[in-house]
Amino acid sequence: MKYELFQSIYDRAALRHGGKNLLDAMLSVPLSTAQLSQHSDDRWLAAFSQKIFQSGINWQVVRNKWPGFETVFFGFDIEKMLLIHDEMWEEKAKDVRIIRNFGKVMTIRENALMISECQASHGSFSSFVAQWPNDDIIGLWAYLKKHGARLGGNTGPYTLRAMGKDTFMLTRDVEGYLRQHEIITTGRDTQSAWKAAQAAFNHWHKESSRSYTEISQCIALSVN
């Protein structure tokens, strides 16, 4: 596979967004492994839950309601989530302080269980995520999809990006670029597409020493 030079992608993005200085200012930078490890695990559960509730709903509506979520779900404390009995989950799903969607509410318990299992094996979920190699970020996407609830598609990757994990994103613009250059030719969420995308981003990462996050953003900003 012959890939476009990352410098060409970067230069095109810079030309379309006011020059290199302005482009660099637009790019978000991932956290270091040490910084990522400092997140408390309740913040991961909160972040996953917020992204799940934002799916199909105006994001600002969810943000406005979020203080209520933090109160109703005890700050997303993992141990407390696992101690809540079924009847109490049903009551919480009816609480007017949150967005009342029983199916999405129940993902909080399921994802708390996933986080708890990682705590048992890695000390904390943050350590588990921080130690996952960036050159196999699709493996982490697959883990979240398999072991979590409603963390497939872009929900898991969006949460990782929001929390500072270095990851590329298969957004519409990035997917469009990869298809235009025949890097991916199958459905976006197929293993073949993920592996092809990972290989391309690994190549650009080695070529440029830029983070996967920055490369992904530059590609998105380089297209019309």
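The values are calculated or read from the model by the stated rules, or taken from the named source; none is laboratory data. Source: prediction; values computed, not measured. Note: ideal-geometry Cβ built from the backbone for every residue, glycine included; neighbour counts use all protein chains shown. When the accessible area is computed, the model is the full protein with side chains, heavy atoms only, and any ligands, DNA or RNA have been set aside. Shrake-Rupley method; radii C 1.70, N 1.55, O 1.52, S 1.80 Å.
Details
- Those residues of the range 65-92 which are among the β-branched types (Val, Ile, Thr) and without any contact (Cβ under 8 Å) to a residue 40 or more places away in the chain, in sequence order: 71, 72, 84
- Test: residue 102 is at pLDDT 95 or above, outside the structural domain of residue 213 (by the TED database) and open to solvent by 40 Å² or more (accessible area, probe 1.4 Å): yes
- Taken over the range 28-74, the residue count meeting the criterion of being among the aromatic types (Phe, Trp, Tyr), open to solvent by less than 90 Å² (accessible area, probe 1.4 Å) and either farther than 20 Å from residue 119 by Cα or within 17 Å of the chain's Cα centre (by Cα) (or both) is 5.
- Pairs, first open to solvent by 90 Å² or more (accessible area, probe 1.4 Å) in the range 1-27, second not charged (D, E, K, R), C-beta under 6 Å, six or more apart: 20/14
- Tallying residues that are surrounded by fewer than 21 Cβ atoms within 10 Å (Cβ to Cβ) and either small (Gly, Ala, Ser) or in contact (Cβ under 8 Å) with a residue 12 or more places away in the chain (or both) within the range 211-224 yields 4.
- Scan of the range 127-157 for residues that are open to solvent by less than 60 Å² (accessible area, probe 1.4 Å) and touching a Leu at 6+ places or on another chain (Cβ under 6 Å), ordered by number: 130, 132, 144, 151, 156
- Residue check, residue 176 free of Cβ contacts under 8 Å to residues at least 24 places away in the same chain, assigned by the TED database to the domain that holds residue 201 and of a type outside the set (Phe, Trp, Tyr): no
- Long-range neighbours under 6 Å by Cβ, at least six apart or interchain, first residue over 26 Å from residue 193 (Cβ atoms) and touching a residue at least 24 places away in the same chain (Cβ under 8 Å) within the range 115-144, second open to solvent by 20 Å² or more (accessible area, probe 1.4 Å) and part of a loop (DSSP other than H, G, I, E, B): 126/39
- Filtering 206, 195, 145 for residues that are at pLDDT 95 or above and under 23 Å from residue 54 (Cβ atoms) leaves a single hit, 145.
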